[in-house]
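Okay, structure first, notes after.
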Amino acid sequence: MKNTLSIAACTVAILTALSATAISQSSQPYSGMQSRPIKALSDQQVADLKAGRGMGLALAAELNGYPGPSHLLELSDRLGLTSDQHSALKEMFDAMKAETIPIGENLIVQEQRLDRLFAEKTVSAEQLKDATKDIGETQARLRNAHLSYHLQARAILQPSQIRQYAELRGYGAERQEPTRHKHH
């Protein structure tokens, strides 16, 4: 009986400690972010923007059977890409970087400006409206750029390559063609 009470007491103590930790973490979700140079962007996001990486912006394409040039090049041997396909994808990838890196760098500058307005306590409603509008437009241009290269890449692939790509990326052997709805 004494052992059972000790185990119960230990269990209660552990659960109490875990609950307190969970409550404290959930009430402080941004703790530590105040020291970031740009509050709205992590160091990883800044690095991704500067490198022209997709950051999940093209998931609508990627997960619906429109692979991007970067991952296709990574898997080129396993997909059996022809030399023409490989060359075309390499050109797309280089063009994508050339297009997205300047947009990403512009987004970083815009986020720095917005952050600075708040940090200096000088932000007005009009400045806020202008800054967020500019950021939104830049984000849209960046996303469009990434998605457009997924669209271009799919156009040069065979259906079997698209299916194999989905399997290699862990998306399963799902049907990768658009669903056609019948209208009555």
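No lab work stands behind these numbers, since they all come straight from the coordinates. Given the structure is predicted, the values throughout are model-derived calculations rather than measurements. Quick reminder, even Gly has a Cβ in these numbers, built from the backbone with ideal geometry, and neighbours come from all protein chains shown.
For the range 108-123, check the following and say yes or no: at least one residue is β-branched (Val, Ile, Thr), closer than 26 Å to residue 34 by Cα and touching a residue at least 40 places away in the same chain (Cβ under 8 Å). Yes, the range 108-123 has at least one match. Filtering the range 119-136 to residues that are part of a helix (DSSP H, G or I) and surrounded by 13 or more Cβ atoms within 10 Å (Cβ to Cβ) leaves 127, 128, 130, 131, 134, 135. When we screen 65, 52 for residues that are out of contact with any Pro (no Cβ under 6 Å at 6 or more places or on another chain) and under 14 Å from residue 161 (Cα atoms), the only hit is 65. Look at the range 57-85: where a residue is surrounded by fewer than 20 Cβ atoms within 10 Å (Cβ to Cβ) and a partner is among the polar types (S, T, N, Q) and in a loop (DSSP other than H, G, I, E, B), sitting 6+ places away or on another chain with Cβ atoms under 8 Å, you get 64/176. The residue that is farthest from residue 117 (Cα to Cα), among those in the range 27-48 that are out of contact with any Asp or Glu (no Cβ under 7 Å at 6 or more places or on another chain) and of a type in the set (A, V, I, L, M), is 47.
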